[in-house]
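The values are calculated or read from the model by the stated rules, or taken from the named source; none is laboratory data. Keep in mind that what you see is a predicted model, and the values were worked out from it rather than measured. Cβ: placed from backbone, ideal geometry, glycine included. Neighbour counts: every protein chain shown. These accessible areas exclude ligands, DNA and RNA; they are computed on the full protein's heavy atoms, side chains included. Shrake-Rupley method; radii C 1.70, N 1.55, O 1.52, S 1.80 Å.
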Amino acid sequence: MKIKLPFVLRLALILISILALGYLAKIGKTVLAPLFFSILMALLFLPFANWLERKLRFSRTISTFSSLLLMMAVLSGLVYFFSTQLSDFAKDFPVLKAQVSSSFNQLQIWVSNTFHLNFAKQMSYINQALENVLSSTALILGFTVSMFSSTMAFFLFSALFFIFILNYRRLLYQFIISIFNEQHFERVNEGIMEIQKIIKEYISGLFIQIIIVSTLTTILLSALGVKYAILLGVLTGLMNVIPYVGIIFSALIACLISFATGGNHTLMVAIGYLVIHAIDGNLILPLVVGSKVKINALFTFIGLLIGEELWGISGMFLSIPFLAILKIIFERVEGLQPWGKILGEESKLNKTRRKYKLTKKITLEEKE
């Protein structure tokens, strides 16, 4: 006999559950953030581990540690690249600061001569703005350093979780299957395989998107003669994982460095970033990531805010894959389909076409 609870009571229980889960996620940041990251990495390296076991006859332990070594090699390469590039940038920071001051002074003189503004007032405004920009630059630099130089605890927990998840993946699979009744085995098994496949394709697509955006940005900045083109290109590709916010921050950094180093192409840099963002949103993202897990702008922004509040910078990066996983699960669980639809993009109505035959070889089509 099913007991139907009043709507107010059900709503209260839902809100209490959400608050409880949010509180647990907040206090469990040290464990949950590397755990979720390890799950994503394990899904990405799962085909490689299976290939080692099937083709090379590796044991599960050896295939797991081989996958771990490959993942750590990639992460170590990224950390080494950014540490060397940022050290060079830190050495040149005093020079960049002086160049920013000189550029702002020239801008102030031009504004004074062109618009006949009061020199003293304008000077105070410019100096105040200059101090804010320079302080913001230091904050952005600190934000970038903290984003890519994770703590040893995060890497240690991520490595351990990665080993356990890959090594005990069949046990975890059997546990999920055993939760449901035997009559639902085929449906649950099909859902697990489909979710695993889509998430794996989604994560692989994100990496391909990072490579393509990094390459396009590096080519753009190199062609315009912007200093640190490779660093800014890779930084843009990685920050582009954070929708909307990432491309804005990376564009501001690139424009500021172009302006500070005396470049005459700052406007072209901004336009170039807009073009790359348009190409990424309309071509790269639909092709390599796909529309199956695309999250609409509203819940993307909400997810970024909640992720940053719960887990900081790592939460901003992990919030989008987390929403994508939720969307996939919601769309395949009975009763939760509306939640999956509201996370995605608005579906386009199929428009019928009218055909008008002009000749034997020429036919015109008209959308209604």
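Some points to look at:
- Every residue from the stretch 296-312 that is of a type in the set (Gly, Ala, Ser) and either part of a loop (DSSP other than H, G, I, E, B) or in contact (Cβ under 8 Å) with a residue 60 or more places away in the chain (or both): 312
- Filter result for residue 58 (open to solvent by less than 80 Å² (accessible area, probe 1.4 Å), assigned to a loop (DSSP other than H, G, I, E, B) and either free of Cβ contacts under 8 Å to residues at least 24 places away in the same chain or over 21 Å from residue 201 (Cα atoms) (or both)): yes
- Residue match in the stretch 245-255 (condition: assigned to a loop (DSSP other than H, G, I, E, B), out of contact with any Cys (no Cβ under 7 Å at 6 or more places or on another chain) and either surrounded by 14 or more Cβ atoms within 10 Å (Cβ to Cβ) or of a type in the set (Val, Ile, Thr) (or both)): no
One line per residue, one yes/no per condition, for (1) part of a helix (DSSP H, G or I); (2) under 24 Å from the mean Cα position of the chain (by Cα); (3) modelled with pLDDT under 85:
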| site | (1), (2), (3) |
| --- | --- |
| 160 | yes, yes, no |
| 185 | yes, no, yes |
| 195 | yes, yes, yes |
| 203 | yes, yes, yes |
| 225 | no, no, no |
| 232 | yes, yes, no |
| 237 | yes, yes, no |
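- Residue that is on the phi < 0 side of the Ramachandran plot, under 22 Å from the mean Cα position of the chain (by Cα), at pLDDT 85 or above and surrounded by fewer than 18 Cβ atoms within 10 Å (Cβ to Cβ), where the choices are 41, 72: 72
- Scanning the stretch 256-280 for residues being at pLDDT below 80, open to solvent by less than 40 Å² (accessible area, probe 1.4 Å) and in a helix (DSSP H, G or I) gives a total of 1.
- For the residues 287, 220, the requirement of being free of Cβ contacts under 8 Å to residues at least 12 places away in the same chain and either open to solvent by less than 20 Å² (accessible area, probe 1.4 Å) or in a helix (DSSP H, G or I) (or both) singles out 287.
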